[in-house]
Amino acid sequence: MIESPLTREFVQTGRCESCPIIDVHTHYGPYAGIYFPVHSGEALIRRLDRAGVRRILCAHHTALLDMRRGHDEIARVVRRWPGRVGAYVCYNPNYPDVAAEELKRLDSGDGFVGVKCHADTHEVRLTDERYAPAFEAASQRALPVLLHTWGLARWSGPELWAEIAQRYPRARFIMAHAGFGRWDEAVTCAARFENVFLGLSAAFTIPGVIEKAVAGCGPEKLLFGTDHPWFDIWFALGCVLFSRISDEARRMILFRNAERLLPAQR
Amino acid sequence: VSLATEYFDCNAGFGWFAAPSLRPAPTAADLLAEMDACGIARALVTHAMQRDGSPEEGNRIVLDEIAGSERLEAAWVVLPPETGEFPPPAELAPRMAAAGVRALRLFPRTHRCLLTGEGLAGVLDQALERRIPLLLHEAEWDQVDALLQRRPALTLVVCAHGPKGDDRRFRPLLDHYQRLHVDTSRYEPAGGIEDLCRAAGPERILFGTNFPAGPIGGPRLMLDGADIPESARSMIASENLDRLLARADLS
């Protein structure tokens, strides 16, 4: 097995006491096209405990569709497990009035830590002006913005990333899925812009991507995200723990980078 | 979790596949190095030539490339014998026995084969009669259903299904066809292994990685971390595949 005390400890015990985990990309609740055995409640928290996940940042599946309902539900979850679950405001630019109202939750004290934009679900390109209120709100508050980015997609592809990174320099953009499939452009973008980070969800399924990203933009620009419940926590962890990177890089990816990125008061 | 768990990957490959890879494993030695890094003991392998080149030549090449290895075992990739690229049904078992091959694979989309009706009928009848495990890739679940409607006792392992979770499609089939199995290589939903173990039993799940298209470490740690009895983990990790291969009657 690879020479990694961290990996060995994880394999032997299922967790690592010296390396807590922050998962910056999770979802909550069931969804239309798939059966999720575990997606919410105590069952979710038990899995986080077993794997040593200290904190998750979570977008409720419902909020991708019905913002108000989904945010109300995730706010209850945050209240139930304060400090353990942070919530994203899901911003649907097709309904600007509702979305603008929902952005106020960032200042509500209800544990909303950033904004989630899913351009492929909402079919609005990331550079569209309709996203401006969300990106400006995040920029003003120096909050993370979790962007679904998929390399071959019309709505979230690589030609859009640099533009928004430049336009909103204080927002901290997490490119979920690391621009899946367009690895060179994603790594270049993260290396070029201080406010761009690569989230590893789904990207970790491709052997060699983690190593490429570490070499190309540095481990300090990578964030651990599972897309839970779409991916099992241990599956995602296994991809990081068995990648050919240093334990120091693993610790940065799994915990330190996210700890530094997240606003302490939220 | 125990470091003593032995992993036998039912779905790993090496050679130059058509899809570009950031970490290719051109040779058997390269694959073994990847397996070593992740603590995988053995693998039932596909050579890239079997899938993306000529399956007929690939079925010979894979045996040459793994000759002498105690950790790698080959499965032959099936084509319809009617084109002369695959042994006639009557010759299949003795030729497999002579070559030391105990399993068959199917890539029906890449190789443009019919799975239903008379397509592959002779080969499938042999697989059924002789309990030769058939590892099926690239298939839609309605094709699987149609295949098993005609031969419900076929020993079938559906590999790299999904991605993520296709449970709504395959769980009814697992209930109905007792010799249907699934691998873990693209079965990634949270808690999926635990839940599927409870629903269908650990004997229906085989450890697979889909390497080099997929990672080895992810499926490995997912099984390590699954909250299931050690006996179930061992079955999934290696014992089920060993059992299926041992049942093949090539006499």
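Answer with yes or no whether B:Ala160 is within 14 Å of another protein chain (Cβ to nearest Cβ), of a type in the set (A, V, I, L, M, F, W, C), part of a loop (DSSP other than H, G, I, E, B) and surrounded by 19 or more Cβ atoms within 10 Å (Cβ to Cβ).
Numbers: within 14 Å of another protein chain (Cβ to nearest Cβ): yes; of a type in the set (A, V, I, L, M, F, W, C): yes; part of a loop (DSSP other than H, G, I, E, B): yes; surrounded by 19 or more Cβ atoms within 10 Å (Cβ to Cβ): yes.
Yes.
Which of the residues that make up the range B:9-47 are in contact with a Phe, Trp or Tyr (Cβ under 7 Å, 6 or more places away or on another chain), more than 14 Å from chain A (Cβ to nearest Cβ) and surrounded by fewer than 22 Cβ atoms within 10 Å (Cβ to Cβ)?
B:Thr27, B:Arg42
For the range B:51-62, check the following and say yes or no: at least one residue is among the charged types (D, E, K, R) and buried (at least 20 other Cβ atoms within 10 Å of the Cβ). Write out each step before concluding.
So in the range B:51-62, the residues among the charged types (D, E, K, R) come out as B:51-52, B:56-57, B:60.
Filter once more, keeping what is buried (at least 20 other Cβ atoms within 10 Å of the Cβ): B:51.
Checked against the condition, which is being among the charged types (D, E, K, R) and buried (at least 20 other Cβ atoms within 10 Å of the Cβ), the range B:51-62 yields at least one hit.
Being open to solvent by less than 30 Å² (accessible area, probe 1.4 Å), over 17 Å from A:Arg50 (Cα atoms) and without any contact (Cβ under 8 Å) to a residue 24 or more places away in the chain is the filter here, so list the residues in the range A:207-266 that pass it.
A:Pro207, A:Gly208
Look through A:Arg15, A:Arg54 and report the one residue that is within 12 Å of chain B (Cβ to nearest Cβ) and either over 15 Å from A:Asp227 (Cβ atoms) or modelled with pLDDT of 95 or more (or both). Talk me through it step by step, then tell me what you get.
On the way: A:Arg54 fails: within 12 Å of chain B (Cβ to nearest Cβ).
Step by step, each of A:Arg15, A:Arg54 is checked, and only A:Arg15 is within 12 Å of chain B (Cβ to nearest Cβ) and either over 15 Å from A:Asp227 (Cβ atoms) or modelled with pLDDT of 95 or more (or both).
Which numbered condition in (1) farther than 18 Å from A:Val38 by Cα; (2) within 13 Å of another protein chain (Cβ to nearest Cβ) is the only one that B:Gly165 fails?
(1)
With the structure loaded, tell me whether B:Ile205 is within 22 Å of B:Leu106 (Cα to Cα), touching a residue at least 24 places away in the same chain (Cβ under 8 Å) and of a type in the set (Val, Ile, Thr) or whether it fails that test. Outline the logic, then answer.
Details: within 22 Å of B:Leu106 (Cα to Cα): yes; touching a residue at least 24 places away in the same chain (Cβ under 8 Å): yes; of a type in the set (Val, Ile, Thr): yes.
Taking the combined requirement at face value, the residue satisfies it.
From B:Leu148, B:Leu174, which residue is over 15 Å from the mean Cα position of the chain (by Cα), open to solvent by less than 10 Å² (accessible area, probe 1.4 Å) and within 14 Å of another protein chain (Cβ to nearest Cβ)?
That would be B:Leu174, the only listed residue that is over 15 Å from the mean Cα position of the chain (by Cα), open to solvent by less than 10 Å² (accessible area, probe 1.4 Å) and within 14 Å of another protein chain (Cβ to nearest Cβ).
Name every residue in the range A:205-233 that is part of a helix (DSSP H, G or I) and within 7 Å of chain B (Cβ to nearest Cβ), in order of residue number. Step through it out loud before you land on a result.
Residues of the range A:205-233 part of a helix (DSSP H, G or I): A:205, A:209-217, A:219-221, A:233.
A:Thr205, A:Val209, A:Lys212, A:Ile233, listed by residue number.
Checking the condition charged (D, E, K, R), open to solvent by 10 Å² or more (accessible area, probe 1.4 Å) and closer than 30 Å to B:Ala18 by Cβ, which residue from B:Arg186, B:Arg198 passes?
On the way: B:Arg198 fails: closer than 30 Å to B:Ala18 by Cβ.
Only one candidate qualifies: B:Arg186.
Consider B:Ala121 carefully, then state whether it is closer than 30 Å to A:Gly208 by Cβ and either surrounded by fewer than 24 Cβ atoms within 10 Å (Cβ to Cβ) or at pLDDT 95 or above (or both). Walk me through it before giving the result.
Working: closer than 30 Å to A:Gly208 by Cβ: no; either surrounded by fewer than 24 Cβ atoms within 10 Å (Cβ to Cβ) or at pLDDT 95 or above (or both): yes.
Considered against the rule, which asks whether it is closer than 30 Å to A:Gly208 by Cβ and either surrounded by fewer than 24 Cβ atoms within 10 Å (Cβ to Cβ) or at pLDDT 95 or above (or both), B:Ala121 comes out as no.
Name, by its number, the condition in (1) small (Gly, Ala, Ser); (2) assigned to a helix (DSSP H, G or I); (3) away from chain A (no Cβ under 12 Å) that does not hold for B:Gly208.
Answer for B:Gly208: the failing condition is (2).
Rundown of residues vs (1) open to solvent by 10 Å² or more (accessible area, probe 1.4 Å); (2) of a type in the set (Gly, Ala, Ser); (3) closer than 27 Å to B:Arg51 by Cβ, yes/no style:
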position	(1), (2), (3)
B:Asn210	yes, no, yes
B:Gly218	no, yes, yes
B:Ala232	no, yes, no
B:Asp242	yes, no, yes
B:Ser251	yes, yes, no
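The values are calculated or read from the model by the stated rules, or taken from the named source; none is laboratory data. It should be emphasised that the depicted structure is a prediction, and the values quoted were computed from it without experimental measurement. Quick reminder, even Gly has a Cβ in these numbers, built from the backbone with ideal geometry, and neighbours come from all protein chains shown. Ligands, DNA and RNA are stripped out before the accessible areas are found, and what is left, the full protein with its side chains, is counted by its heavy atoms. Shrake-Rupley method; radii C 1.70, N 1.55, O 1.52, S 1.80 Å.
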